[in-house]
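K.L.:
Before we start, here is the structure in question, set down as structure tokens.
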Amino acid sequence: MRKIAVINYKGGTGKTTSVVNLAYALSMTGKKVLLIDTDPQGSSGYYLGIKSDKTLYDLIIENVAIQDCIQPARHNLDIICSNEHVFPAELKMGRMNERELVLSKKLQDLYGYDFVFLDCAPSMNLLNQNALLFANEVVLPVSMEYLSLIGVKQLLKNIKIINRIFSKKVKITTVIPTFYDKRHKKSKDIIGSLKRVFPNMVSSPVRVSISLSEAPGKKMTIFEYDPHCEAAEDYYKIMEEIVSYGK
Ligand SMILES: Nc1ncnc2c1ncn2[C@@H]1O[C@H](COP(=O)(O)OP(=O)(O)O)[C@@H](O)[C@H]1O
Ligand SMILES: [Mg+2]
């Protein structure tokens with residue numbers, strides 16, 4: 001079971017878009033996938049059109065059984081949703097024993113999935129520390145803006161600290177250039193910088209796409225909304241790269 005946190009401390013870099021579409025692309029190939037939304041904004045569930053009575057809050061704070069928090073979203077794709085209650089959950093977690101390991105403990109008996117993805121909030125919070133301690137891999141979507149590189153440096157630092165303190169070996173395996181526009185020189189410059197910092201880890205880019213920005217409004221993944229568009233092609237390719245990385 002590959003456990004992948006999709007994270008970037010900056011907002012709007014394409015985390016939710018990437019996690020939903022990569023999870024769906026994997027499910028299309030027959031992989032069993034669980035998507036866990038840890039962002040109190042609950043965007044992943046919204047994107048897939050799933051509302052759930054039981055959310056990550058119930059799993060973490062109310063001790064509800066994990067099977068009762070998991071909702072089927074598509075064939076081969078399940079989700080644990082999040083909502084605004086997850087924000088106070090974080091405050092309560094702060095008072096728990098081994099507060100950084102709460103999520104790992106709750107998920108320790110999870111089985112039957114090939115991939116578990118965590119859609120993370122854009123902040124350096126306790127839930128994200130928990131996500132990094134549960135995951136073995138980090139996928140980092142970076143939008144083609146210079147300011148995005150700041151968040152990347154902070155994340156690298158934090159991962160180093162977590163690995164040292166908790167004797168973990170979580171590592172960034174895939175950096176996804178998002179909002180790529182080949183007409184803009186900065187897109188190429190930023191990919192160049194990323195390749196220097198992350199040799200062999202930068203995936204093919206996701207191009208700027210109107211369909212991709214429309215799809216969540218229809219509660220559809222890009223493969224359902226506009227399966228032949230460039231963004232569908234891009235995410236399918238990145239999915240294949242992620243699969244081959246694991247081999
Ligand atoms: N490649 C893209 N082209 C156009 N719009 C995109 C692209 N990727 C994401 N978006 C849109 O940009 C916004 C932010 O993306 P989102 O995935 O929610 O970012 P994050 O989860 O990192 O905050 C959303 O409205 C989304 O639909
Ligand atoms: Mg998001």
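Read the figures in this text as sums done on the coordinates, not as results from a lab. In this text the structure is predicted, and so the values were computed from the model without any measurement. Note: ideal-geometry Cβ built from the backbone for every residue, glycine included; neighbour counts use all protein chains shown.
K.L.:
Take each complete run of DSSP H in the chain, measure how far its Cα atoms stretch along the helix's own axis, and keep only those covering 18 Å or more with mean Kyte-Doolittle hydropathy at least -0.5; list them.
P.N.:
Numbers: long enough: 15-28 (20 Å, 0.70); 148-166 (27 Å, 0.68); 185-197 (19 Å, -0.66); 230-245 (23 Å, -0.46).
Membrane-span-like by this rule: 15-28, 148-166, 230-245.
K.L.:
Charges only on Cβ, +1 for Lys and Arg, -1 for Asp and Glu: so what's the dipole of the chain about the Cα centre, in debye to the nearest 20? Present the calculation step by step, with values, prior to reporting the outcome.
P.N.:
Details: 33 positive and 26 negative charges, 223 e Å.
Roughly 1080 debye for the chain.
K.L.:
What order do you get for 185-193, 144-152 when each peptide is scored by the mean count of other beta carbon atoms within 10 Å, highest first?
P.N.:
Values: 185-193: 14.4, 144-152: 16.2.
By packing density, highest mean first, the sequence is 144-152, 185-193.
K.L.:
Separate question: Mind listing the Cα extents of the chain along all three principal axes, in Å, largest one first?
P.N.:
Between the extreme Cα coordinates on each principal axis of the chain lie 50, 39, 34 Å.
K.L.:
Let me ask another. What is the spin-label model distance, in nm, from Glu214 to Phe87 if the labels are put 7 Å beyond Cα along the C-beta direction?
P.N.:
So the two model labels end up 3.2 nm from each other.
K.L.:
Give me the three principal axis extents of region 88-228 from the C-alpha atoms, as integers in angstrom, largest value leading.
P.N.:
If we take the Cα atoms of region 88-228, the spans are 51, 36, 29 Å.
K.L.:
Same structure again: So, in Å, what gap is there between the alpha-carbon centers of region 90-124 and region 1-76?
P.N.:
12
K.L.:
Rg over Rh of region 1-95, using C-alpha atoms and the Kirkwood radius, what does it come to? Intermediate values should be presented prior to the final figure.
P.N.:
Working: Rg = 13.2 Å, Rh = 13.7 Å.
Using Cα coordinates only, the ratio equals 0.96.
K.L.:
Normalising by the residue count of the chain, find the relative contact order in percent from Cα pairs under 8 Å and 6+ residues apart.
P.N.:
Working: 465 pairs, mean separation 63.6, N = 247.
Here the relative contact order equals 26 percent.
K.L.:
With n ≥ 4 as the cut-off for DSSP H runs, can you work out [θ] at 222 nm for the chain, using -39500 (n - 2.57) per run divided by the number of residues, rounded to the nearest 500? It would help to have the intermediate numbers written out before the result.
P.N.:
Details: 12 runs with 108 residues, N = 247.
-12500 deg cm²/dmol, from helical runs alone.
K.L.:
Here's something else I'd like to know. What does the convex hull of the Cα atoms of region 118-179 come to per residue, in Å³, rounded to a whole number? The partial results should precede the final answer.
P.N.:
Working: hull volume 4.9 nm³, N = 62.
Spelled out: Cα convex hull of region 118-179, divided by residues, is 78 Å³.
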